[in-house]
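The values are calculated or read from the model by the stated rules, or taken from the named source; none is laboratory data. Because the structure is predicted, anything quoted here is derived from the model rather than measured. Please note: Cβ atoms are built from the backbone with ideal geometry, for glycine as well, and neighbour counts cover all protein chains shown. Remember, those area values only see protein heavy atoms, side chains included, never the ligands or the DNA or RNA. Shrake-Rupley method; radii C 1.70, N 1.55, O 1.52, S 1.80 Å.
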Amino acid sequence: MGAVPSAKQPMIVIKNLVKQFGRIDAVNGVSLRVEQGKVLVIIGPSGSGKSTVLRCINHLEVPTSGEIWVDGIRLTHNHKDINAIRAEVGMVFQQFNLFPHLTALENIMLAQKVVRKRNRDESERVARRQLERVGIPEKADNYPDQLSGGQQQRVAIARALAMNPKVMLFDEPTSALDPEMIKEVLDVMQELAKEGMTMVVVTHEMGFARNAADEIIFMDKGLIVEQNSPQEFFSDPREERTRAFLNQILR
Amino acid sequence: MAATQSIAKRTSTQSNFVQWLSRLPWWLLFLILAGIILLYQFLTNELYSVILSKLTQGIVTTIFVTLVAFTCAIILGLIAGLGRVSRNRLIFNLATLYVQVIRGLPMLVQIFYVAFVLTPAFFTVLNAIGMALIPVLGETNFMLTSNTQDVTLLARAMIALALAYGGFEAETFRAGIESIGRGQMEAARSLGMSYVQAMRYVILPQAIRRVLPPLGNDFIAMLKDSSLVSVLGVRDITQEARLYVSASFRYPETYNTLAFMYLTMTIILSLGVKWFENRMGKNGRGS
Ligand SMILES: Nc1ncnc2c1ncn2[C@@H]1O[C@H](COP(=O)(O)OP(=O)(O)OP(=O)(O)O)[C@@H](O)[C@H]1O
Ligand SMILES: [Mg+2]
């Protein structure tokens with residue numbers, strides 16, 4: 001109640017991010033900020049640099065130039081800092097990337113043990129709670145190849161959540177899923193958003209963007225073309241290019 | 001009508017039988033037959049049984065050399081393989097130098113080189129250090145008193161084999177590590193694991209499962225190449241055979257027996273590897 005909203009520092013700040021792969025300009029100077037508890041959705045055509053922005057936030061890609069702050073900490077090349085920040089930033093991939101040699105439960109326990117240094121009992125307790133949260137407690141002892149795509153993605157979300165991240169990054173989490181499994185994953189994400197998790201989501205799911213986003217960014221050719229509230233973004237986009245893109249995918 | 005049908009049936013069962021015959025592992029049957037003939041010789045022919053008991057004196061050495069050198073080769077290979085995928089240029093270059101040198105030299109030459117060049121050179125350096133440290137350690141420090149003769153030819157032979165196979169296994173491990181998708185490392189790192197933790201808990205457990213069958217085949221190859229230690233006079237079964245032949249000139253009997261011993265071991269081992277591969281194939285996790 002008494003908290004001063006302006007004293008809240010933004011969870012993510014990006015200033016003038018540039019990323020080149022050889023001669024390819026993947027990101028051409030992107031600046032954005034995400035306040036604590038907000039959901040930012042990034043959309044845009046293929047190759048527009050959405051994944052690259054996301055991957056720079058936890059240093060899976062090393063920016064060519066620009067500055068990134070996560071929860072007030074500047075990302076540098078210092079390995080200790082990077083590992084520390086990564087533990088605070090959960091990431092969910094299009095291809096799930098579960099560890100195939102470990103059960104669902106062990107997938108969720110591993111990083112808790114080796115990064116958070118939690119003991120076996122505690123990490124198992126947390127893992128089971130997270131599996132409960134994503135709705136598949138009965139799959140604890142299954143290996144990834146015994147799970148459906150939707151279930152695998154939910155385990156991957158649980159694995160990230162078990163680290164108690166301050167931010168969750170999602171890179172097209174439903175793009176590799178059969179249509180009937182998309183909803184179960186989106187529901188979990190929507191629930192997370194409602195609980196106040198700070199999220200950056202790259203997605204083509206416009207329904208999710210409309211319902212869950214606090215803000216939408218439209219990217220093209222490595223630049224932010226438009227940044228807008230979901231209402232205006234879908235009903236009255238400012239930019240011609242946004243309109244063209246929306247017409248194309250909402251047809 | 002009925003007659004043609006029954007003829008058709010008969011020819012089809014006949015061709016089934018022919019197919020079944022042609023699918024039998026004839027090579028194995030042939031080998032087993034040859035083995036039985038030899039076994040019969042061992043039991044009935046005095047010369048053969050004498051040779052067998054002579055060669056058997058070397059079997060412990062053959063197995064010992066193979067096991068020890070292979071274990072060391074796996075450890076060396078794992079280290080060098082990790083070096084080959086390292087982004088640290090110094091480590092990468094050192095590992096690559098090792099692998100390329102090993103791959104470019106005949107194993108026989110490597111054995112001579114380790115036994116008669118590297119080992120003495122090592123002690124020359126050690127003695128020089130010992131000499132320099134006399135003021136600190138005194139006149140009788142081990143670095144000064146030890147010399148090349150302290151390392152038996154058996155040990156030198158095993159070091160040479162371990163170095164040689166370590167170079168091969170490095171590439172096996174490298175291929176295994178590189179066969180694990182990039183997403184695995186990224187997922188592990190995104191959870192805050194360090195490179196070393198990700199390797200240890202995520203990449204290597206998967207990579208090692210994949211390289212087990214090639215490692216098994218390399219173990220068989222090592223068993224065969226262990227015969228090379230005979231050039232240093234190490235008394236493995238090959239050396240026992242050479243010694244016996246040089247005194248008796250019983251070439252066919254001796255080398256039949258020697259070949260029989262190697263084949264028995266390698267065939268049993270390769271059937272074991274195949275069985276393991278099948279089991280792995282059924283369950284991708286290999287557990
Ligand atoms: N590791 C890499 N090496 C070289 N080029 C890359 C690499 N990663 C991305 N790129 C290039 O950078 C540009 C932006 O890629 P990015 O993956 O960020 O796009 P995206 O918006 O996520 O596209 P998509 O919707 O297809 O996932 C593309 O031209 C891509 O080819
Ligand atoms: Mg992408």
*Run the dipole for region B:61-229 about the Cα centre, Lys and Arg Cβ at +1, Asp and Glu Cβ at -1, nothing else charged, and hand back the magnitude in debye, nearest 20.*
600 debye
*From the phi of every residue in region A:74-82, what ³J(HN,Hα) in whole Hz does the Karplus formula 6.51 cos²θ - 1.76 cosθ + 1.60 yield, where θ is phi - 60° and glycine or proline is x?*
6, 6, 10, 7, 5, 4, 4, 4, 5
*Per residue value of the accessible surface for the protein assembly as shown (all protein chains in place, 1.4 Å probe), Å²*: 51 Å²
*Charge tally in the Cβ shell below 10 Å around B:Y244, where Lys, Arg are +1 and Asp, Glu are -1, B:Y244 excluded*: +1
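Please report Rg over Rh for chain A, where both radii come from the alpha carbon positions and Rh follows the Kirkwood definition.
Details: Rg = 18.1 Å, Rh = 18.8 Å.
Dividing the radius of gyration by the Kirkwood radius yields 0.97.
Let's test the formula: R0 of 25 Å, r as the Cβ-Cβ distance of B:V60 and B:T96. What FRET efficiency results, to the nearest 0.05? Walk me through the numbers before you get to the answer.
Details: r = 37 Å, r/R0 = 1.48.
Here the calculated transfer efficiency is 0.10.
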*asked:* With the cut-off at 1.5 for a/c, could you classify the protein assembly as shown from its C-alpha gyration tensor as rounded, prolate or oblate?
replied: oblate
*Which cross-chain or sequence-distant (5 or more) residues have an amide H under 5 Å from the amide H of A:M91, H modelled 1.01 Å from N in plane?*
A:L169
*Sum -39500 (n - 2.57) across every DSSP H segment of at least 4 residues in the protein assembly as shown, then divide by the residue count to get the 222 nm mean residue ellipticity, nearest 500.*
-19000 deg cm²/dmol
*Of A:P45, A:P165, A:P144, which is the most mobile in a GNM of chain A whose springs link Cα atoms less than 10 angstrom apart?*
A:P45
*Run down the lysines and flag those whose C-alpha is under 29 Å from the C-alpha of B:K224, throwing out any fewer than 8 positions away in its chain.*
B:K54, B:K274
_Is there a quick way to get the dipole size of the protein assembly as shown? I mean about its Cα centre, with the Cβ of Lys and Arg at +1 and of Asp and Glu at -1; what is the value in debye to the nearest 20?_
420 debye
*Identify all lysines with a Cα-Cα distance to A:K183 below 27 Å; exclude those on the same chain that are fewer than 8 residues away in sequence.*
A:K38, A:K50, A:K139, A:K166, A:K194
*asked:* Quick check: net charge around B:K54, other residues with Cβ under 14 Å of its Cβ, Lys/Arg +1 and Asp/Glu -1?
replied: -1
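First select every other residue whose beta carbon is under 14 angstrom from the beta carbon of B:T119; then total the charges, Lys and Arg +1, Asp and Glu -1.
Details: positive: B:R156; negative: B:D150.
Net of charged neighbours comes to 0.
By accessible area of protein heavy atoms, probe 1.4 Å, what ranking do A:H204, A:H101, A:H79 get, highest first?
A:H79, A:H204, A:H101
Probe radius 1.4 Å, ligands and nucleic acids ignored: give me the carbon and sulfur share of the accessible area of region B:61-229 as a rounded percent. Numbers along the way, then the final one.
On the way: 5680 of 8060 Å².
Solvent-exposed carbon and sulfur of region B:61-229 make up 71 percent of the total.
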*Sequence-distant or interchain residues sharing an amide H contact under 5 Å with A:T198, placed H: which?*
A:G37, A:M168
_Residue with peak Gaussian network fluctuation, chain B [Cα springs, cutoff 10 Å], from B:V196, B:V136, B:V245_ = B:V136
*asked:* Using Stokes-Einstein with the Kirkwood hydrodynamic radius over Cα pairs, what translational diffusion coefficient do you get for chain B at 10 °C and a viscosity of 1.306 mPa s, in µm²/s rounded to a whole number?
replied: 69 µm²/s
*Of B:Q239, B:Q110, B:Q184, which has the largest mean-square fluctuation in a 10 Å C-alpha GNM of chain B?*
B:Q184
*Which value, in debye to the nearest 20, describes the size of the charge dipole of region B:189-287 about its Cα centre when Lys and Arg Cβ atoms bear +1, Asp and Glu Cβ atoms bear -1, and nothing else is charged?*
600 debye
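Would you please classify the overall shape of region B:61-229 from the alpha carbon gyration tensor, given that a ≥ b ≥ c denote the square roots of the eigenvalues, rounded means a/c under 1.5, and beyond that prolate means a/b larger than b/c while oblate covers the rest?
Numbers: a/c = 2.59, a/b = 1.51, b/c = 1.71.
Since a/c reaches 1.5 but b/c is at least a/b, the shape of region B:61-229 is classed as oblate.
Interface A/B, total buried accessible area with a 1.4 Å probe, nearest 100 Å²? Walk me through the numbers on the way to the answer.
Values: alone 12440 and 17120 Å², together 27650 Å².
Buried: approximately 1900 Å² between B and A.
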